[in-house]
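What follows is a set of notes on a single structure, which appears directly below.
The values are calculated or read from the model by the stated rules, or taken from the named source; none is laboratory data. These numbers come from a predicted model, not from an experiment. Every residue, glycine as well, gets a Cβ built from its backbone with ideal geometry; the counts of neighbours run over all protein chains shown.
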Amino acid sequence: MAVVETRGLKKQFGEVKAVDGVDLSSKEGEFLVLLGPSGCGKTTLLRLIAGLEQPTAGEVLIGGQVVNGLPPRARKIAMVFQSYALYPHMTVFNNIAFSLKAQGVDKAARQEKVEWATSILGIDKLLQRRPRQLSGGERQRVALARCLVREPTVFLLDEPLSNLDAQLRASARDELQQLQQRIGITTIYVTHDQVEAMGMGDRIAVMYQGQIRQLGTPREIYDEPGDTFVATFLGSPPMNLVERDTHLIGFRPEHFLPKGVPEVQDNLVTFSFPVTRVEYLGADRLVYGVVAGTSGDTKTMARLPSTVTVPIEPGGDYEFVVPAKELKFFDRDTGLRTGPKPL
Amino acid sequence: MASLKRRAKRIAFYGAVAAFCFFAASPFLFMLTTMFRQDRDLYRVGKDSLFFKLPPTLDHLRLLFFDTNYTTYLQNSFFIGVLVVVITLIIAIPAAYSLARLTGRWGEQAGILVFLVYLVPPTLLFIPLFQVVVKLGLNNTLWSLVLVYPTITIPFCTWLLMGFFKSIPRDLEEQAMVDGYSRITAFLRVVMPLSLSGVIAVVVFTFALTLHEFIYALTFVSASDQRTISVGVPTELIRGDVFFWQSLLAAAVIVAIPVAIVYSFFLDRLVAGFTGGAVKG
Amino acid sequence: MRVPGLRGGVRVQLRYLLDREGLLGPLMLLPAIIYILALVGFPLVLAIAYSLSDVTAGDTSLDNFVGLDNFSRIIKRPEFRRALQNTILFVVVSQVLIIVLATTLAQILSQDFRGKAVVRFLIILPWAAPIALGTIAWLWLLDSEFSPIDLILRELHLLGPAGLLGRDAILGTDTNLVWLGRERLTMASVIMVHVWRLLPLSTVILLAALTTIPRDVLDQAEVDGAGFWRTLFQIKIPLILPIMGIAILFGMILTAGDMAVVYNLTRGGPVYYTQVLPTWSFFIGIEGGSLAQGAAVALFLLPLLLVVTILVLRLARRSEVT
């Protein structure tokens, strides 16, 4: 087991700065998620850690050692690719045993280890099959088993659930997290799916344009976003941002409720909210409207749980409130979080 | 009415198929039948002279195999083919992999350059190459052809193999590298097994190319026992004005049919490599 | 905590030298480059050097520089114009025929029908026969006296003394066409044999190109009401144009640089009706021993080669974009 650290890591492809100065340090045995939209550099960062790309500048450390210049095979890592990259010409057994052969593990020990890993993942019946005969979920497990047998110092996972259908993804998420907790290996997990990130990560690093915008626990980055990118990237629907002079006021749709609904009556900030559209989603109602900002109206959303039964019609003008402590303030020009400002 | 139109279409379709087959294959039909005909039967101009009137004979095959160097030519062609295949694979496989994976943007440019080398026709090079061969003391030996043929096969096979290698997902090699293998062993243990059918197609193609080559074989080698079939057969079976027709045609068809059978097996792979290389640049 | 097996230092760097792609890539490419430079690049330079000197098979020293003498002397010879014209005619006509026939044939072979495997085998046959030997088979088929083709034409009353319906036969009243003895007909024969020989390769390439067209696009065209011809000219051909272009250029080079067909069928004759630059270069340079002039003749192919090269580069770039 080991911690992974990057210092001033940069990677440039021609003109494009894919990774632009990343300082990141994992904790021992933690589940660290790299979250960001596509093209934000998260996969490149993972590949730099794996040694599949060479950095333009900066250092990668695994277990306190600088591993720049070492090829992937010398880094004691295991990686699951988005495609799972199962070798199509080998059986499941040989796919899993392939890395053991590279280590020169003898045949009996290989057999034993493969059986151990496959029994953990419940795929011990599939050993003689070929990858093309497997379902998506089975392939994912084979890919994981392949990582397990290596007993790596670090697990690197590149969107391993994105090829599964929605139902399977939920259960796979659960299993993956349990597996990681059980073996306790430092894991770096790349995804663009915020539900995966929030649900599985011990900590999340939100990446955008090659940089880490915020690193923190899921609660920290959701409740206390460091800038407007993090604020609007996380949450569905995202945080509302209303312009006031030199700053932006942010509040989450679930905190934006009709006046009189919140039980606590003090310290509420009131907004006039002309409603344009209402969507009924079963558990929630999404209410669309505008809130007046300094330079014109801003599209704003409210998410009302079904327990709120106040009738709301499109075309009506309502008063909505937000608890003052749920208001976040950002600088209008830099997008960075600032202290509270007078309203 | 509609069914009449459809029937007309079908007839036109099969008519076209038959016409093409006739154009492509009828010379071989003549070769196959003519090789068994007696001289007196062949040199007739009468109405029915397309058909056997006298019993078929094996005399001309006997002449071909026992009284000419045909078997030597076959051996020479085979020997040259095998050696050229080996040289081509040893040089083209690493080059193709390098261009497909390791050399990035300038690799793409170099790949196109390799393709262009294939377009330099032997007719432009045979005179100076003849002198090179003479200087090396290889003229009049089949070693001159072993040396020179890879200049044709390496560029083309590099191009084909590049197409095959590009079609294999990068993830697989990277996975192998993460699994503890070096770039080279990952290539040998993952990429090569997956490109096997492509490599075999390249072997077939290289071999056939050496079998068909004419200009260099004609220019570099004049000793009869060192010739390839392409040059040896016509020079030995056409003596001045005398053509040993039946033996000549037999010599051609005996080589063509096995090659065509092998070709039709590997055609699809060959084409996949060609378009793969061409389309993906 | 220290990870076992992770060690830094120069020694380790050396051990992993071959893992560096910047080094491994050129290293794997090097043998091919050396081979090509030595046996294509060097001879090409040598060919140019020869053409500017007076080397012969007897005296191969390059010490006598004669400038463009060889070229000017060649251009003045009457055979030159004929060989150049023949080469261009040979390349253009056979390529037009090949591409039309190959497109048709590829259309046919992209359908499913009974006996397709056999048809495919038969179509490939001309490509499988060594070209010199295939040409010799045609030499028999086109024989001045016993030509089976003439025989069939006579049986159909298209040739010979017995015409159709009391009129003279369309192809003349002689018993034989003498394919390889008449000016126009000889060239036509050479072109026909060459088309026969190259058709399989072009067909196979175009067939591959056709199969890369997504099914959806063709379905959409059908839904949009496009008929056979509209689909062919407005959907299929534009989509396979880059590959078709490469196939054409390929064919042009193979045709322009080929001498096996002409050499074996006519030796450039009769007179020099079918002489092309490659055969003429061979007769002057190798059989006549004037290496300098032979090389100069062959070099007249170079401009053609350059044009084709530029076109290939353009096509390759365009197909990358799409």
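Out of C:A292, C:A316, C:A298, C:A260, report the one residue that is touching a helix residue (DSSP H, G or I) at 6+ places or on another chain (Cβ under 7 Å), small (G, A, S) and modelled with pLDDT under 85.
On inspection, the qualifying residue turns out to be C:A316.
Can you tell me which residue in the range A:48-78 is farthest from the chain's Cα centre (by Cα), limited to those that are away from chain C (no Cβ under 11 Å), outside any loop (DSSP other than H, G, I, E, B) and surrounded by fewer than 17 Cβ atoms within 10 Å (Cβ to Cβ)?
Step by step, filter the range A:48-78, then rank; the result is A:A57.
For the range C:219-235, name all the residues that are free of Cβ contacts under 8 Å to residues at least 40 places away in the same chain and surrounded by 14 or more Cβ atoms within 10 Å (Cβ to Cβ).
C:A221, C:A226, C:T231, C:I235
Filter the range C:184-219 down to the residues that are at pLDDT 80 or above and not in a helix (DSSP H, G or I), then identify the one that is farthest from the other protein chains (Cβ to nearest Cβ).
Step by step, filter the range C:184-219, then rank; the result is C:P214.
Just checking: which of the helices (runs of 4 or more DSSP H) contained wholly in the range B:1-107 hold 3 or more residues that are loosely packed, with under 14 Cβ neighbours inside 10 Å and more than 13 Å from every other protein chain (Cβ to nearest Cβ)?
B:2-34
Within the range C:168-183, is even one residue touching a helix residue (DSSP H, G or I) at 6+ places or on another chain (Cβ under 6 Å) and either assigned to a helix (DSSP H, G or I) or modelled with pLDDT of 80 or more (or both)?
No; the residues of the range C:168-183 include none that is touching a helix residue (DSSP H, G or I) at 6+ places or on another chain (Cβ under 6 Å) and either assigned to a helix (DSSP H, G or I) or modelled with pLDDT of 80 or more (or both).
Please state which one of C:S94, C:S147, C:S51 is more than 26 Å from the chain's Cα centre (by Cα) and of a type in the set (S, T, Y).
Going through C:S94, C:S147, C:S51 in turn, the sole match is C:S147.
Is it the case that the range C:220-228 has a residue that's farther than 24 Å from C:M187 by Cβ, in a helix (DSSP H, G or I) and within 12 Å of chain B (Cβ to nearest Cβ)?
yes
Considering only residues that are at pLDDT 90 or above and of a type in the set (S, T, N, Q), look in the range A:232-246 and name the one that is farthest from the chain's Cα centre (by Cα).
Selected residue: A:N240.
Within the range C:105-137, which residues are over 18 Å from the mean Cα position of the chain (by Cα) and either among the small types (G, A, S) or at the interface with another protein chain (Cβ under 7 Å from one of its Cβ atoms) (or both)?
C:L105, C:A106, C:I108, C:S110, C:G115, C:A117, C:V119, C:R120, C:F121, C:L122, C:I136, C:A137
Residues of the range A:79-102 being in a helix (DSSP H, G or I) and without any contact (Cβ under 8 Å) to a residue 40 or more places away in the chain, which ones?
Correct list: A:F93, A:N94, A:K101, A:A102.
Which ones in the range B:157-180 are within 12 Å of chain A (Cβ to nearest Cβ), touching a Phe, Trp or Tyr at 6+ places or on another chain (Cβ under 8 Å) and assigned to a helix (DSSP H, G or I)?
Of everything in the range B:157-180, those that are within 12 Å of chain A (Cβ to nearest Cβ), touching a Phe, Trp or Tyr at 6+ places or on another chain (Cβ under 8 Å) and assigned to a helix (DSSP H, G or I) turn out to be B:D171, B:L172, B:E173, B:E174, B:Q175, B:A176.
Which condition from (1) facing chain B (nearest Cβ under 7 Å); (2) surrounded by fewer than 24 Cβ atoms within 10 Å (Cβ to Cβ) is the one that C:L291 breaks?
(2)
Looking at the range A:12-36 only, could you name the residues that are within 14 Å of chain B (Cβ to nearest Cβ) and not in a loop (DSSP other than H, G, I, E, B)?
Within the range A:12-36, A:Q12, A:F13, A:V16 qualify.
With the condition being closer than 21 Å to B:F214 by Cα, I'd like the helices (runs of 4 or more DSSP H) fully within the range C:107-167 carrying at least 2 qualifying residues.
By residue number, C:116-128, C:131-141.
Determine if the range A:37-47 includes at least one residue that is in contact with a helix residue (DSSP H, G or I) (Cβ under 8 Å, 6 or more places away or on another chain), crowded, with 17+ Cβ neighbours inside 10 Å and in a loop (DSSP other than H, G, I, E, B).
no
Looking at this structure, is B:A217 surrounded by fewer than 24 Cβ atoms within 10 Å (Cβ to Cβ) and in contact (Cβ under 8 Å) with a residue 12 or more places away in the chain?
Taking the combined requirement at face value, the residue does not satisfy it.
Spot the failing condition for A:T118; the list is (1) without any contact (Cβ under 8 Å) to a residue 12 or more places away in the chain; (2) crowded, with 22+ Cβ neighbours inside 10 Å; (3) not aromatic (F, W, Y), and only one is missed.
Unmet for A:T118, out of (1) without any contact (Cβ under 8 Å) to a residue 12 or more places away in the chain; (2) crowded, with 22+ Cβ neighbours inside 10 Å; (3) not aromatic (F, W, Y): (1).
Which residue out of A:G201, A:G250, A:G293 is touching a Lys or Arg at 6+ places or on another chain (Cβ under 8 Å), in contact (Cβ under 8 Å) with a residue 12 or more places away in the chain and either buried (at least 21 other Cβ atoms within 10 Å of the Cβ) or under 30 Å from A:A18 (Cβ atoms) (or both)?
Step by step, each of A:G201, A:G250, A:G293 is checked, and only A:G250 is touching a Lys or Arg at 6+ places or on another chain (Cβ under 8 Å), in contact (Cβ under 8 Å) with a residue 12 or more places away in the chain and either buried (at least 21 other Cβ atoms within 10 Å of the Cβ) or under 30 Å from A:A18 (Cβ atoms) (or both).
Would you please list the contacts, defined by Cβ atoms under 6 Å and residues six or more apart or on different chains, that run from a residue in the range A:225-242 that is surrounded by 21 or more Cβ atoms within 10 Å (Cβ to Cβ) to a residue that is part of a helix (DSSP H, G or I) and among the hydroxyl-bearing types (S, T, Y)?
A:L234/A:Y222; A:M239/A:T232
When you check C:L141 against the structure, is it surrounded by fewer than 23 Cβ atoms within 10 Å (Cβ to Cβ), out of contact with any helix residue (DSSP H, G or I) (no Cβ under 8 Å at 6 or more places or on another chain) and at the interface with another protein chain (Cβ under 7 Å from one of its Cβ atoms), yes or no?
It is false that C:L141 is surrounded by fewer than 23 Cβ atoms within 10 Å (Cβ to Cβ), out of contact with any helix residue (DSSP H, G or I) (no Cβ under 8 Å at 6 or more places or on another chain) and at the interface with another protein chain (Cβ under 7 Å from one of its Cβ atoms).
Here are the criteria: (1) more than 10 Å from every other protein chain (Cβ to nearest Cβ); (2) under 30 Å from A:A74 (Cβ atoms). Tell me which single one B:R183 does not satisfy.
Among (1) more than 10 Å from every other protein chain (Cβ to nearest Cβ); (2) under 30 Å from A:A74 (Cβ atoms), the lone unmet condition for B:R183 is (1).
Looking at this structure, is A:V310 free of Cβ contacts under 8 Å to residues at least 60 places away in the same chain and in a strand (DSSP E or B)?
no
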